1. If a residue must be part of a loop (DSSP other than H, G, I, E, B) and either surrounded by 13 or more Cβ atoms within 10 Å (Cβ to Cβ) or more than 13 Å from the chain's Cα centre (by Cα) (or both), how many such residues does the range 113-154 contain?
2. Can you confirm whether the range 92-106 contains a residue that is in contact with a Cys (Cβ under 8 Å, 6 or more places away or on another chain), closer than 19 Å to S122 by Cβ and either surrounded by fewer than 20 Cβ atoms within 10 Å (Cβ to Cβ) or free of Cβ contacts under 8 Å to residues at least 40 places away in the same chain (or both)?
3. Among S48, S54, S71, which is farther than 14 Å from V139 by Cβ and either small (G, A, S) or open to solvent by less than 60 Å² (accessible area, probe 1.4 Å) (or both)?
4. Can you name every residue in the range 16-66 that is out of contact with any helix residue (DSSP H, G or I) (no Cβ under 8 Å at 6 or more places or on another chain), free of Cβ contacts under 8 Å to residues at least 60 places away in the same chain, in a strand (DSSP E or B) and under 22 Å from K129 (Cβ atoms)?
Amino acid sequence: MTRSLEPGAKAPGFSIETTLGTKQLASFRGKQLILYFYPKDDTPGCTSEAKDFSDLAEQFEAANASILGVSRDSLIRHQKFAQKHGLQIELGSDESGSVCEAYGVWVEKNLYGRTYMGIARSTFLIDPKGILTRIWPKVRVKGHAQDVLDSLNV
(Lines give C-alpha, C1' and ligand atoms only; values in the text may rest on other atoms or scores of the structure.)
Protein backbone atom coordinates (compact mmCIF):
# COMPACT_ATOMS: atom_id res chain seq x y z
CA MET A 1 0.00 0.00 0.00
CA THR A 2 1.45 3.34 -0.98
CA ARG A 3 2.23 5.45 2.10
CA SER A 4 1.21 8.72 0.43
CA LEU A 5 -2.39 7.56 0.09
CA GLU A 6 -3.99 8.37 3.40
CA PRO A 7 -7.51 9.45 4.32
CA GLY A 8 -7.80 13.19 3.74
CA ALA A 9 -5.50 13.13 0.69
CA LYS A 10 -6.68 13.96 -2.82
CA ALA A 11 -7.50 10.74 -4.71
CA PRO A 12 -5.21 10.10 -7.70
CA GLY A 13 -6.91 11.01 -10.98
CA PHE A 14 -7.47 8.33 -13.59
CA SER A 15 -9.01 7.59 -16.95
CA ILE A 16 -10.19 4.03 -17.49
CA GLU A 17 -12.30 2.01 -19.92
CA THR A 18 -15.28 0.52 -18.09
CA THR A 19 -18.26 -1.65 -18.88
CA LEU A 20 -20.23 1.64 -19.09
CA GLY A 21 -17.74 3.62 -21.23
CA THR A 22 -14.64 5.68 -20.53
CA LYS A 23 -14.59 7.21 -17.06
CA GLN A 24 -12.32 9.57 -15.17
CA LEU A 25 -12.26 10.29 -11.46
CA ALA A 26 -14.07 13.55 -12.32
CA SER A 27 -16.94 11.47 -13.81
CA PHE A 28 -17.94 10.62 -10.25
CA ARG A 29 -17.84 14.18 -8.80
CA GLY A 30 -20.85 14.92 -6.65
CA LYS A 31 -21.13 11.28 -5.54
CA GLN A 32 -19.16 9.09 -3.20
CA LEU A 33 -17.08 6.54 -5.11
CA ILE A 34 -16.29 3.07 -3.90
CA LEU A 35 -13.20 2.20 -5.93
CA TYR A 36 -12.28 -1.40 -5.30
CA PHE A 37 -9.39 -3.34 -6.77
CA TYR A 38 -9.48 -7.10 -7.20
CA PRO A 39 -7.05 -9.62 -8.71
CA LYS A 40 -8.97 -11.47 -11.44
CA ASP A 41 -12.43 -11.91 -12.96
CA ASP A 42 -14.24 -15.19 -12.39
CA THR A 43 -12.12 -16.47 -9.50
CA PRO A 44 -13.99 -17.49 -6.34
CA GLY A 45 -13.07 -14.54 -4.07
CA CYS A 46 -13.41 -11.94 -6.81
CA THR A 47 -16.76 -13.34 -7.93
CA SER A 48 -18.09 -13.29 -4.35
CA GLU A 49 -16.91 -9.71 -3.85
CA ALA A 50 -18.47 -8.50 -7.12
CA LYS A 51 -21.75 -10.28 -6.35
CA ASP A 52 -21.83 -8.82 -2.82
CA PHE A 53 -21.36 -5.27 -4.16
CA SER A 54 -23.99 -5.98 -6.85
CA ASP A 55 -26.49 -7.25 -4.28
CA LEU A 56 -26.15 -3.93 -2.43
CA ALA A 57 -25.97 -1.71 -5.55
CA GLU A 58 -29.40 -0.13 -4.98
CA GLN A 59 -28.52 0.73 -1.38
CA PHE A 60 -25.22 2.29 -2.50
CA GLU A 61 -27.12 4.29 -5.12
CA ALA A 62 -29.60 5.46 -2.47
CA ALA A 63 -26.59 6.66 -0.43
CA ASN A 64 -25.35 8.71 -3.42
CA ALA A 65 -22.47 6.32 -4.04
CA SER A 66 -21.11 4.73 -7.21
CA ILE A 67 -19.15 1.49 -7.31
CA LEU A 68 -16.24 0.83 -9.66
CA GLY A 69 -14.41 -2.49 -9.52
CA VAL A 70 -10.97 -2.48 -11.16
CA SER A 71 -8.65 -5.28 -12.26
CA ARG A 72 -6.14 -5.72 -15.05
CA ASP A 73 -8.52 -7.99 -16.99
CA SER A 74 -9.61 -6.87 -20.46
CA LEU A 75 -12.90 -5.07 -21.06
CA ILE A 76 -14.20 -8.11 -22.99
CA ARG A 77 -13.40 -10.36 -20.02
CA HIS A 78 -15.17 -7.89 -17.68
CA GLN A 79 -18.25 -7.89 -19.92
CA LYS A 80 -18.38 -11.72 -19.94
CA PHE A 81 -17.83 -11.81 -16.15
CA ALA A 82 -20.62 -9.28 -15.54
CA GLN A 83 -23.03 -11.06 -17.86
CA LYS A 84 -22.27 -14.54 -16.46
CA HIS A 85 -22.96 -13.44 -12.88
CA GLY A 86 -25.64 -10.78 -13.50
CA LEU A 87 -23.46 -8.07 -11.96
CA GLN A 88 -25.06 -4.65 -11.37
CA ILE A 89 -21.80 -2.75 -10.92
CA GLU A 90 -19.36 -1.02 -13.24
CA LEU A 91 -16.04 -2.75 -13.91
CA GLY A 92 -12.91 -0.96 -15.10
CA SER A 93 -10.14 -2.49 -17.22
CA ASP A 94 -6.67 -1.35 -16.15
CA GLU A 95 -4.65 -3.47 -18.58
CA SER A 96 -1.69 -1.05 -18.44
CA GLY A 97 -1.69 -1.13 -14.64
CA SER A 98 -1.48 2.67 -14.37
CA VAL A 99 -4.49 3.00 -12.05
CA CYS A 100 -3.29 0.10 -9.89
CA GLU A 101 0.12 1.77 -9.63
CA ALA A 102 -1.42 5.18 -8.77
CA TYR A 103 -3.37 3.62 -5.91
CA GLY A 104 -0.46 1.48 -4.72
CA VAL A 105 -2.24 -1.86 -5.11
CA TRP A 106 0.20 -3.41 -7.65
CA VAL A 107 2.43 -5.27 -5.21
CA GLU A 108 4.78 -8.19 -4.87
CA LYS A 109 2.90 -11.27 -3.70
CA ASN A 110 4.07 -14.66 -2.53
CA LEU A 111 2.18 -17.92 -3.04
CA TYR A 112 3.64 -21.32 -2.18
CA GLY A 113 7.13 -19.81 -2.26
CA ARG A 114 6.62 -18.23 -5.68
CA THR A 115 7.02 -14.46 -5.85
CA TYR A 116 5.04 -12.50 -8.44
CA MET A 117 3.39 -9.11 -8.98
CA GLY A 118 -0.35 -8.82 -8.52
CA ILE A 119 -3.21 -6.72 -7.22
CA ALA A 120 -3.66 -6.45 -3.46
CA ARG A 121 -7.42 -6.62 -2.89
CA SER A 122 -8.15 -3.10 -1.61
CA THR A 123 -11.01 -0.61 -1.45
CA PHE A 124 -10.93 3.19 -1.45
CA LEU A 125 -13.84 5.41 -0.45
CA ILE A 126 -13.64 8.77 -2.23
CA ASP A 127 -15.91 11.65 -1.24
CA PRO A 128 -17.91 13.80 -3.73
CA LYS A 129 -15.00 16.28 -3.96
CA GLY A 130 -12.36 13.64 -4.81
CA ILE A 131 -10.85 13.25 -1.33
CA LEU A 132 -9.96 9.83 0.10
CA THR A 133 -12.25 9.23 3.06
CA ARG A 134 -11.31 5.67 3.98
CA ILE A 135 -8.98 2.93 2.76
CA TRP A 136 -9.39 -0.80 3.29
CA PRO A 137 -6.05 -2.52 2.51
CA LYS A 138 -5.82 -6.33 2.28
CA VAL A 139 -9.59 -6.85 2.13
CA ARG A 140 -11.23 -10.03 3.34
CA VAL A 141 -14.24 -10.60 1.05
CA LYS A 142 -16.81 -11.94 3.50
CA GLY A 143 -18.90 -9.03 4.80
CA HIS A 144 -16.73 -6.40 3.10
CA ALA A 145 -19.40 -4.85 0.83
CA GLN A 146 -21.74 -4.42 3.80
CA ASP A 147 -18.91 -2.89 5.87
CA VAL A 148 -18.27 -0.36 3.09
CA LEU A 149 -21.98 0.46 2.84
CA ASP A 150 -22.20 0.90 6.62
CA SER A 151 -19.28 3.35 6.53
CA LEU A 152 -20.81 5.76 3.99
CA ASN A 153 -21.53 9.34 5.02
CA VAL A 154 -25.24 9.40 4.33
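The values are calculated or read from the model by the stated rules, or taken from the named source; none is laboratory data. Because the structure is a prediction, the values reported are computed rather than measured. Because the Cβ atoms are built from the backbone with ideal geometry, glycine has one as well, and the counts that use them run over all protein chains shown. All accessible areas refer to the heavy atoms of the entire protein, side chains included, with ligands and DNA or RNA removed. Shrake-Rupley method; radii C 1.70, N 1.55, O 1.52, S 1.80 Å.
1. Within the range 113-154, residues that are part of a loop (DSSP other than H, G, I, E, B) and either surrounded by 13 or more Cβ atoms within 10 Å (Cβ to Cβ) or more than 13 Å from the chain's Cα centre (by Cα) (or both) number 16.
2. Within the range 92-106, one or more residues are in contact with a Cys (Cβ under 8 Å, 6 or more places away or on another chain), closer than 19 Å to S122 by Cβ and either surrounded by fewer than 20 Cβ atoms within 10 Å (Cβ to Cβ) or free of Cβ contacts under 8 Å to residues at least 40 places away in the same chain (or both).
3. Every option except S54 fails the conditions.
4. Those that are out of contact with any helix residue (DSSP H, G or I) (no Cβ under 8 Å at 6 or more places or on another chain), free of Cβ contacts under 8 Å to residues at least 60 places away in the same chain, in a strand (DSSP E or B) and under 22 Å from K129 (Cβ atoms): T22, Q24.
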